[in-house]
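Below you'll find the structure, written out as structure tokens, and then a few comments.
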Amino acid sequence: MKTIVIGGGAAGLIAAYFSAKKGDKTILIEKNEKLGKKIYITGKGRCNVTNLCEPQDFLNSVVNNARFLSGAIYGFTPRDMMDLLEENGLPLKVERGNRVFPVSDKSSDVIKTLANMCKFAGVEVLLNQTVEGITAADGKVCGVKTDLGDYTCDKVIVATGGVSYALTGSTGDGYTFAKALGHKIIPPVQALAPMKIKGDYPARLAGLSLKNVTLNVTYQGKLVSSEFGEMLFTHQGVSGPIVLTTTSKINRLDKKDLSLAIDFKPALDEKTLDNRLIREFSAQSARAIKNVLDQLLPMSLIPVVIERTGIAPDKKAGEISRAERQSIIRVLKGFTLDLESFAPFSEAIVTAGGVSVKEVNPKTMESKLIKGLYFAGEVLDVDAYTGGFNLQIAFATGARAGS
Ligand SMILES: Cc1cc2nc3c(=O)[nH]c(=O)nc-3n(C[C@H](O)[C@H](O)[C@H](O)COP(=O)(O)OP(=O)(O)OC[C@H]3O[C@@H](n4cnc5c(N)ncnc54)[C@H](O)[C@@H]3O)c2cc1C
């Protein structure tokens, strides 16, 4: 049997390794000059390689098509991936939130390990070569065409990734190949992406980092996302963990029906917050309101919050009326953000959408339409939250396809 793996990212490397291990002649074709360009930038250069949690908890962190992934994740668990890397000489450590990193904190060590595993398993790696199409006859794969030549084979594993961070090589070629062979492509959308926000607030607040806040989103008046944790303002909008997660949850909803609001004080209900304001305002009654709110808010937020309430910034705290207090509470508990768009794919950590999983056998990752055609990794319509889940999806589906 001869197998060609297209793409030398996380999914392709593991797929090629398992394919060669079981005895298939395996060729891995990568268009870049080196393997694993995207792995290199993962986890801020440290590579959060997987998440050491139970398979069911893992599947709860999958946004799209957890059911499809279930067999792959139970069949090749985060623990299995860790064992494989450690057996091949890469020591790992587990950090907060079960996030797994190499002890060296170097993503390049993960790439080296995966590349060595392929080498010792007998994978032939062809770099600087771009696959341009997959050939099939009578409903069965028979080869691939590249910019440098034609190859015949019995099986092809498409592991070309999504369309995020295209500079790493993920330019959506796999969608074109799959479509040409009759596969349905779920339109790709940005996932785990920052958001662009209308108005001058982002620019005024750029660099401000918030902890222990909640970002709430309603769609047509119904709460569809409520994420608690850290976020930050950028020059164009907002980013940070809870923003990225929120994007993944709402990226398919019509933007015009979405309302976003930050609760700066999620731990305090309105009554408790009101009592707190009454105490602060009476203790500092002679001071301007703009100088009193520093007990509650970071400095750079105060002018923006006061502006939203319509209260004069120099008004004395002791003169603030009940109605004005209520408007302060409304802004503190629901600071609205006017969503312009999600950041482009070049800034989205992953791509949601891709090859429809309905036409892929979850037990093998083989196409249900073309014999010998397999898919692995982000090219599929699967995505998850941050924490090592997306790489593990690439590894687990790669392991299935390769095996
Ligand atoms: C900045 C950033 C940080 C991230 N951090 C993490 C993290 O810490 N943990 C985590 O779990 N996930 C993280 N992710 C997500 C994770 O990196 C991806 O989900 C994962 O790498 C997808 O692997 P893949 O093999 O499916 O695709 P890719 O890694 O995109 O690999 C696809 C490969 O195919 C090659 N290719 C494409 N088309 C062709 C062609 N026509 N011919 C030949 N080769 C081709 C590409 O050059 C590329 O090398 C991060 C993503 C980004 C962008």
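A count restricted to the stretch 127-142 and to residues that are more than 10 Å from the ligand (Cβ to nearest atom) and either within 26 Å of the chain's Cα centre (by Cα) or not in a strand (DSSP E or B) (or both) stands at 2. Residue count for the stretch 243-253, restricted to those that are under 30 Å from residue 296 (Cα atoms) and assigned to a loop (DSSP other than H, G, I, E, B): 0. State all residues of the stretch 195-212 that are open to solvent by less than 40 Å² (accessible area, probe 1.4 Å), touching a helix residue (DSSP H, G or I) at 6+ places or on another chain (Cβ under 9 Å) and within 23 Å of residue 257 (Cα to Cα); if no residue qualifies, say none. Of everything in the stretch 195-212, just one residue is open to solvent by less than 40 Å² (accessible area, probe 1.4 Å), touching a helix residue (DSSP H, G or I) at 6+ places or on another chain (Cβ under 9 Å) and within 23 Å of residue 257 (Cα to Cα), namely 195. Considering the stretch 371-403, and only residues there that are open to solvent by less than 20 Å² (accessible area, probe 1.4 Å) and in a loop (DSSP other than H, G, I, E, B), the residue that is nearest to residue 4 (Cα to Cα) turns out to be 372.
Scanning the stretch 31-63 for residues being closer than 29 Å to residue 130 by Cα, in contact (Cβ under 8 Å) with a residue 12 or more places away in the chain and not hydroxyl-bearing (Ser, Thr, Tyr) gives a total of 16.
Considering (1) near the ligand (Cβ under 9 Å from one of its atoms); (2) out of contact with any helix residue (DSSP H, G or I) (no Cβ under 8 Å at 6 or more places or on another chain); (3) open to solvent by less than 40 Å² (accessible area, probe 1.4 Å); (4) more than 24 Å from residue 19 (Cα to Cα), the lone condition that residue 146 does not fulfil carries the number (4). Residues in the stretch 345-362 that are in a loop (DSSP other than H, G, I, E, B) and touching an Asp or Glu at 6+ places or on another chain (Cβ under 7 Å): 356 only. Quickly run through the stretch 294-341 and pick out the residues that are part of a loop (DSSP other than H, G, I, E, B) and open to solvent by less than 40 Å² (accessible area, probe 1.4 Å). Matches in the stretch 294-341: 296, 297, 311, 320, 334.
Residues of the stretch 312-358 being of a type outside the set (D, E, K, R) and over 40 Å from the mean Cα position of the chain (by Cα), which ones? Of everything in the stretch 312-358, those that are of a type outside the set (D, E, K, R) and over 40 Å from the mean Cα position of the chain (by Cα) turn out to be 312, 313, 317, 318, 320, 321, 323. Exactly one residue out of 189, 163 is open to solvent by less than 60 Å² (accessible area, probe 1.4 Å), touching a residue at least 40 places away in the same chain (Cβ under 8 Å), over 17 Å from residue 5 (Cα atoms) and in contact with a Lys or Arg (Cβ under 7 Å, 6 or more places away or on another chain): that is 189. Scanning the stretch 12-59 for residues that are surrounded by fewer than 21 Cβ atoms within 10 Å (Cβ to Cβ), more than 19 Å from residue 166 (Cβ to Cβ) and of a type in the set (S, T, N, Q) yields one hit, 56. Flag set for residue 402, criterion: within 26 Å of residue 10 (Cα to Cα) and of a type outside the set (Asp, Glu).
Within the stretch 14-66, being within 13 Å of the ligand (Cβ to nearest atom), touching a strand residue (DSSP E or B) at 6+ places or on another chain (Cβ under 9 Å) and of a type in the set (D, E, K, R) holds for 30, 31, 46. Checked against the criteria, residue 114 does not count as in contact (Cβ under 8 Å) with a residue 60 or more places away in the chain and either open to solvent by 20 Å² or more (accessible area, probe 1.4 Å) or at positive phi (or both). Checked against (1) assigned to a helix (DSSP H, G or I); (2) open to solvent by less than 80 Å² (accessible area, probe 1.4 Å); (3) modelled with pLDDT of 95 or more; (4) not hydroxyl-bearing (Ser, Thr, Tyr), residue 280 passes all but a single condition, namely (3).
Take the residues in the stretch 156-187 that are under 16 Å from the mean Cα position of the chain (by Cα) and more than 16 Å from residue 393 (Cβ to Cβ); name whichever of them is nearest to the ligand (Cβ to nearest atom). So, considering only residues that are under 16 Å from the mean Cα position of the chain (by Cα) and more than 16 Å from residue 393 (Cβ to Cβ), the one nearest to the ligand (Cβ to nearest atom) is 165.
So that you can scan it fast, the table gives a plain yes or no per residue for (1) outside any strand (DSSP E or B); (2) touching a Pro at 6+ places or on another chain (Cβ under 9 Å):
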position	(1), (2)
81	yes, no
89	yes, no
97	yes, no
113	yes, yes
125	no, no
144	no, no
148	yes, no
163	yes, yes
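The set of residues from the stretch 355-370 being more than 13 Å from the ligand (Cβ to nearest atom) and open to solvent by less than 30 Å² (accessible area, probe 1.4 Å) comprises 356, 357, 360, 367, 370. Residues in the stretch 78-98 that are within 20 Å of residue 397 (Cα to Cα) and crowded, with 20+ Cβ neighbours inside 10 Å: 78, 81, 85. Mind checking whether some residue in the stretch 254-264 is out of contact with any Phe, Trp or Tyr (no Cβ under 7 Å at 6 or more places or on another chain), of a type in the set (Lys, Arg) and assigned to a loop (DSSP other than H, G, I, E, B)? Checked against the condition, which is being out of contact with any Phe, Trp or Tyr (no Cβ under 7 Å at 6 or more places or on another chain), of a type in the set (Lys, Arg) and assigned to a loop (DSSP other than H, G, I, E, B), the stretch 254-264 yields no hits at all.
The values are calculated or read from the model by the stated rules, or taken from the named source; none is laboratory data. Just so it is clear, the model here is predicted, and its values are computed rather than measured. Please note: Cβ atoms are built from the backbone with ideal geometry, for glycine as well, and neighbour counts cover all protein chains shown. Quick note on the areas: whole protein, heavy atoms, side chains included, nothing else; ligands and nucleic acids left out. Shrake-Rupley method; radii C 1.70, N 1.55, O 1.52, S 1.80 Å.
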